[in-house]
Amino acid sequence: MYKSIVLILTTLFLSKAQAYEHGNAFKAVDNFFLAISEVNHDDMKSIVTDEFVLLEHGEVWSISDLIKVVNPTDYVRDNYFSIINMKDHGDLVTVNYWNKANFHNPNYNEDVIWLESAVIEKVKGVWLLSQMHSTRLPPGITPKDVVFTKQININE
């Protein structure tokens, strides 16, 4: 009986620790999109590995390629996520998720939605993005039964 209780408690502890570690890994994705919203190129570069590659809707991009298209604008970008699943591979975590960006200003409001995946690598104790894959949905298409959670910007 005692061994069973210890086994159950150990399993619960490890499950919570793994979930916490997953959350820390996804924070790299979260911070990356916050940096994009804030047009903070330095933060964008600091959240990716040196070998980072983005597979963006049929094209292969480096972080430099992405930075070239992330420019100041009069639109505000709000980010929303819905995690499909995450898998821990030790110092690598893979995640599949929906990403929605709402671009808006007083005269304009548009949602853009992507189906994405990311490989997040722990480098010197820090979770960094090493690869992302992004497929944009056609305008006006929203995936069924997906609940998006708005990104919280603690800098606002």
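Bear in mind these aren't lab numbers, they're just calculated from the coordinates by the rules spelled out. As the structure is a prediction and not an experimental result, all values here were calculated from the model. Every residue, glycine among them, receives a Cβ derived from its backbone with ideal geometry; neighbour counts consider all protein chains shown.
Are any of the pairs Lys27/Lys68; Lys122/Lys144; Lys100/Lys124; Lys45/Lys122; Lys68/Lys144 more than 27 Å apart by Cα-Cα distance, and if so, which? Listed pairs above 27 Å: Lys122/Lys144; Lys100/Lys124; Lys68/Lys144. By the count of other C-beta atoms within 10 Å, a proxy for reagent exposure, Phe52, Phe26 are ordered fewest to most as Phe26, Phe52.
Annotation note: trypsin sites (Lys or Arg not before Pro) in the range 56-156 located in DSSP loop regions with a Cβ neighbour count of at most 11 within 10 Å are Lys124, Lys144.
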